[in-house]
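**Student:** Mind having a look at this structure? Questions to follow.
The values are calculated or read from the model by the stated rules, or taken from the named source; none is laboratory data. Nothing here was measured: the structure is a model prediction, and the numbers come from that model. Here the Cβ positions follow ideal geometry from the backbone for every residue, glycine too, while neighbour counts run over all protein chains shown.
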Ligand code: AMP
């Protein structure tokens, strides 16, 4: 017997319909790439998205066609996403921080027909154009007045292109499992692989992360997604904010401390989200000023481990709650958030910070397990590490074009490549990437734990730990640090500082101070490069 409920496919463009109908006058404020602050609302975003859809339809864009975007977070990027979704085309966010040859690879691999680009990236597209034979048109996200001279034969200013449509158009409908978006993820080996979200997975994921224990957005919130839409499905905020009628503040191209502070302050942002690097810039900016953050209630920090010192600074100095989050491109992307369940909610001071170092618990629709090297499930005792595996309706089951082959185990779990433990209340804590974990005398040492402690030292701006070959122990930890301006951290000072914070056998065998630690295009520490840099290094005791 079947249920007798209506067939209502979970299509992403229904989200902007809802936002326009229920929260039509709620604002979307952007720092435009051209400079000035731009203000619009959900009703207007929907109207203009319909024009995008109509215009695409007229160009012959059909269900399943991939369309690239090289763009910052602005109202135009949002309109383009919904316009594409409304004709069944697939938004393919390209990360402009990748190497140009990687960009060419993924645009060709995805077979993008069109490219929507911000002014910032037009020179990049011009340079790559001869390597992108499938690209029929480049639509520059600006108006005629700001459109520069370009050698591209097929470029047009977005506002001119859009003006050719009147918006008298109806969204297409199709199966909810139809592809909605694509985001390439760069593994350490081989080419980047395409993760393909569906309409259904995006809608379910946004509903899951909108629960109060997760992002918990509401129509009273003012959300600034600093995380770019080209990182890991933009943390799904382009869906979860309109779904709840949350005001959006889009930071455009400027993510330095001063620019972010300015928007937090003038737009009275209540909740914001980004990787730790962004918050480091903001906190450094605030440090040298007497500014406060009176409007900001919570900050979501993920993409890399949130250092304890950062959580403490936000909470103690600025009275802003930190929500540590973990996820990955393959998970749409949010997996866990460290909101406090009753068991932990009453904790204060260091005890609270101890819990907030964890990446948190998963919402309904994400199942986790940890397994050892023999695929045996490990206990949730908050100590035993294992490979973290996940399954759910918004988690990848394969990569685009079958790259990488079979990626699920027999029970349908995806191996995240992270190593973690889970405590009895379901709080997961990442201890490492499987490939970064240090194996010393057969025991595992968490590089992330060591890094978190090292960045708590007052002289340290950034820290990375890598395993270096050791004749007795196979591998031992080497701590690499960048000094804060005007500070000179020393080996002995750091080891001494870490002494009572970890087991003795975890202490790094040596410390090296460098000018810079290499980062990937998504702002993560590039451990492969760092290991390469230190491949000839030998420990003093080796
Ligand atoms: P990406 O798909 O590029 O977002 O990368 C996902 C990976 O980033 C995860 O598998 C983790 O290794 C790492 N990651 C994300 N969030 C966190 C976090 N809060 N703490 C530690 N690592 C994280």
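**Student:** Among what's in segment 424-441 and is in contact with a strand residue (DSSP E or B) (Cβ under 8 Å, 6 or more places away or on another chain) and outside any strand (DSSP E or B), pick the residue that is modelled with the lowest pLDDT.
**Tutor:** Looking at the filtered set, the residue picked out is 441.
**Student:** Of all residues in segment 26-41, how many are more than 22 Å from residue 67 (Cβ to Cβ) and either part of a helix (DSSP H, G or I) or in contact with a helix residue (DSSP H, G or I) (Cβ under 7 Å, 6 or more places away or on another chain) (or both)?
**Tutor:** Here the count works out to 4.
**Student:** Right, here's the next one. Given 415, 375, 409, 381, which one is surrounded by fewer than 17 Cβ atoms within 10 Å (Cβ to Cβ) and within 15 Å of the ligand (Cβ to nearest atom)?
**Tutor:** After applying the criteria, what remains is 415.
**Student:** Moving on to the next point. Does segment 230-239 contain at least one residue that is surrounded by fewer than 24 Cβ atoms within 10 Å (Cβ to Cβ), closer than 23 Å to residue 142 by Cβ and within 16 Å of the ligand (Cβ to nearest atom)?
**Tutor:** For segment 230-239, residues surrounded by fewer than 24 Cβ atoms within 10 Å (Cβ to Cβ), closer than 23 Å to residue 142 by Cβ and within 16 Å of the ligand (Cβ to nearest atom): present.
**Student:** Quick one: how many residues across segment 97-116 are in contact with a helix residue (DSSP H, G or I) (Cβ under 8 Å, 6 or more places away or on another chain), farther than 21 Å from residue 54 by Cβ and surrounded by 20 or more Cβ atoms within 10 Å (Cβ to Cβ)?
**Tutor:** Of the residues in segment 97-116, 3 are in contact with a helix residue (DSSP H, G or I) (Cβ under 8 Å, 6 or more places away or on another chain), farther than 21 Å from residue 54 by Cβ and surrounded by 20 or more Cβ atoms within 10 Å (Cβ to Cβ).
**Student:** Of all residues in segment 325-337, how many are in contact with a helix residue (DSSP H, G or I) (Cβ under 6 Å, 6 or more places away or on another chain) and either farther than 19 Å from residue 91 by Cβ or more than 8 Å from the ligand (Cβ to nearest atom) (or both)?
**Tutor:** 2
**Student:** Do we have residue 161 as outside any loop (DSSP other than H, G, I, E, B), more than 18 Å from the chain's Cα centre (by Cα), buried (at least 16 other Cβ atoms within 10 Å of the Cβ) and more than 16 Å from the ligand (Cβ to nearest atom) here?
**Tutor:** Against the criterion (outside any loop (DSSP other than H, G, I, E, B), more than 18 Å from the chain's Cα centre (by Cα), buried (at least 16 other Cβ atoms within 10 Å of the Cβ) and more than 16 Å from the ligand (Cβ to nearest atom)), residue 161 qualifies.
**Student:** Now for a different question. Among 277, 329, 272, 311, which is buried (at least 16 other Cβ atoms within 10 Å of the Cβ) and modelled with pLDDT under 95?
**Tutor:** 277 is the lone residue from the list that is buried (at least 16 other Cβ atoms within 10 Å of the Cβ) and modelled with pLDDT under 95.
**Student:** For the condition surrounded by fewer than 17 Cβ atoms within 10 Å (Cβ to Cβ), in the same structural domain as residue 197 (by TED's automatic domain parsing), modelled with pLDDT of 95 or more and under 25 Å from the mean Cα position of the chain (by Cα), what is the one hit in 45, 37?
**Tutor:** 37
**Student:** Which of the residues belonging to segment 510-540 are part of a strand (DSSP E or B), surrounded by fewer than 17 Cβ atoms within 10 Å (Cβ to Cβ) and within 16 Å of the ligand (Cβ to nearest atom)?
**Tutor:** Result: 519, single match.
**Student:** I'd like to check something: does segment 62-83 contain any residue that is over 25 Å from residue 203 (Cβ atoms), assigned by TED's automatic domain parsing to the domain that holds residue 175 and part of a helix (DSSP H, G or I)?
**Tutor:** No - not one qualifying residue is present in segment 62-83.
**Student:** A further question on this structure: Restricting attention to segment 332-341, does a residue exist that is surrounded by fewer than 17 Cβ atoms within 10 Å (Cβ to Cβ) and outside the structural domain of residue 446 (by TED's automatic domain parsing)?
**Tutor:** yes
**Student:** Something else: For segment 288-296, does any single residue satisfy the condition of being at pLDDT 95 or above, within 17 Å of the chain's Cα centre (by Cα), more than 11 Å from the ligand (Cβ to nearest atom) and farther than 20 Å from residue 388 by Cβ?
**Tutor:** No: segment 288-296 contains no residue that is at pLDDT 95 or above, within 17 Å of the chain's Cα centre (by Cα), more than 11 Å from the ligand (Cβ to nearest atom) and farther than 20 Å from residue 388 by Cβ.
**Student:** Go through (1) within 15 Å of the ligand (Cβ to nearest atom); (2) more than 14 Å from residue 427 (Cα to Cα); (3) free of Cβ contacts under 8 Å to residues at least 60 places away in the same chain one by one and return the number of the condition residue 370 breaks.
**Tutor:** (2)
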